[in-house]
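Contents: one structure, followed by commentary.
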Amino acid sequence: MLRAADGGQCLLDLTAAFDTVDYDLLLSRLERQFRLRGVVLLWFRSYLIGRSFKVLYGCSTSSTVYIVCSVPQGSALGPRLFILYTADLADVTEKHCVTLHAFADGTQLYLHCRRDDMASTALQLERCLSDVGYWMSANRLKLNADKTELIWAGSRRCCLSLGNRGPKLQLGDDTIVPTNDAKVLGVTLSFDRSMDKHVSNVCSARFYRLRQLRRVRRSLDSGHGVGCNPRARLRHVPNRLLRCIVGWGTEGYN
């Protein structure tokens with residue numbers, strides 16, 4: 001990210017990323033590329049294949065649905081398996097001299113450039129995005145151009161002299177328009193590299209929680225008996241009301 005401080009940053013969005021992972025491709029990749037064989041590979045096969053679910057509502061039960069693809073969401077292995085599944089993306093972007101950063105299904109492309117080279121850099125990113133799209137299609141994934149974001153970042157002086165948000169990217173029939181702010185792992189990044197927007201978002205969210213706490217203040221007033229202890233009642237208030245959690249900006253990178 002620091003290398004792309006004066007350059008382009010493209011945040012890719014995948015449609016139902018975890019739900020479209022192909023079992024055969026994933027197991028083949030684990031075996032050939034990551035050398036998992038024997039009992040270990042059988043563990044992963046047993047973990048992935050043969051899963052099913054059904055819905056119970058009242059006294060009624062739906063028919064059983066067998067899962068033929070995807071990695072389990074909300075699991076510890078799910079994001080790791082997805083990163084292994086998309087590991088070849090690094091080779092695709094490296095051919096275009098574009099830096100790739102992946103966190104689960106959140107994928108970002110970074111490219112440093114000078115202000116005078118933004119047009120050629122945009123073409124470079126377009127070619128890279130085109131190859132990434134072809135690779136994803138070949139691996140049962142779908143790049144969602146509508147939610148893919150582009151931000152050209154630089155110093156405040158550079159952005160003011162630029163006069164606009166930078167060149168657009170063409171991805172097939174879709175046009176990716178640059179934005180002033182983009183959210184990366186819970187942190188709002190601005191085109192001028194300031195944290196003003198992020199701080200404003202965090203403060204707004206915390207003030208909302210504080211207002212919610214004010215609404216239940218009377219329930220926390222001291223009373224009689226053990227059950228009326230204010231501190232005991234505060235233990236039942238969610239931690240999000242009491243702590244200012246910045247999110248990935250602090251917890252994810254510390």
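Filter the stretch 62-81 for residues that are open to solvent by 70 Å² or more (accessible area, probe 1.4 Å), under 25 Å from PHE103 (Cβ atoms) and modelled with pLDDT of 90 or more and give the result. ARG80 - this is the single residue of the stretch 62-81 that is open to solvent by 70 Å² or more (accessible area, probe 1.4 Å), under 25 Å from PHE103 (Cβ atoms) and modelled with pLDDT of 90 or more.
If you go through the stretch 39-79 and pick out every residue that is within 18 Å of ARG140 (Cα to Cα) and of a type in the set (D, E, K, R), you end up with 0. Please enumerate the residues belonging to the stretch 48-61 that are assigned to a loop (DSSP other than H, G, I, E, B) and touching a Leu at 6+ places or on another chain (Cβ under 8 Å). Those that are assigned to a loop (DSSP other than H, G, I, E, B) and touching a Leu at 6+ places or on another chain (Cβ under 8 Å): none in the stretch 48-61.
Scanning the stretch 38-61 for residues that are farther than 19 Å from ILE83 by Cα and either open to solvent by 70 Å² or more (accessible area, probe 1.4 Å) or modelled with pLDDT of 95 or more (or both) gives VAL39, LEU42, SER46, PHE53, LYS54, VAL55, LEU56, TYR57, CYS59, SER60, THR61.
Scan the stretch 122-134 for residues that are over 12 Å from GLY172 (Cβ atoms) and open to solvent by 40 Å² or more (accessible area, probe 1.4 Å) and the total you get is 4.
Within the stretch 114-121, is there a residue that is acidic (Asp, Glu), open to solvent by 20 Å² or more (accessible area, probe 1.4 Å) and in contact with a helix residue (DSSP H, G or I) (Cβ under 6 Å, 6 or more places away or on another chain)?
no
Taking the criterion of being among the small types (Gly, Ala, Ser) and open to solvent by less than 20 Å² (accessible area, probe 1.4 Å), the only residue of the stretch 135-152 that qualifies is ALA145.
The set of residues in the stretch 82-107 being in a loop (DSSP other than H, G, I, E, B), hydrophobic (A, V, I, L, M, F, W, C) and crowded, with 17+ Cβ neighbours inside 10 Å consists of VAL98 alone.
Kindly provide the set of residues from the stretch 167-180 that are open to solvent by 20 Å² or more (accessible area, probe 1.4 Å) and in contact with a Phe, Trp or Tyr (Cβ under 7 Å, 6 or more places away or on another chain), ordered by number. Correct list: ASN180 only.
The values are calculated or read from the model by the stated rules, or taken from the named source; none is laboratory data. What you are looking at is a predicted structure, and each value in this text was computed from that prediction instead of being measured. Every residue, glycine among them, receives a Cβ derived from its backbone with ideal geometry; neighbour counts consider all protein chains shown. What goes into the accessible areas is simple: the full protein's heavy atoms, side chains included, and nothing from ligands, DNA or RNA. Shrake-Rupley method; radii C 1.70, N 1.55, O 1.52, S 1.80 Å.
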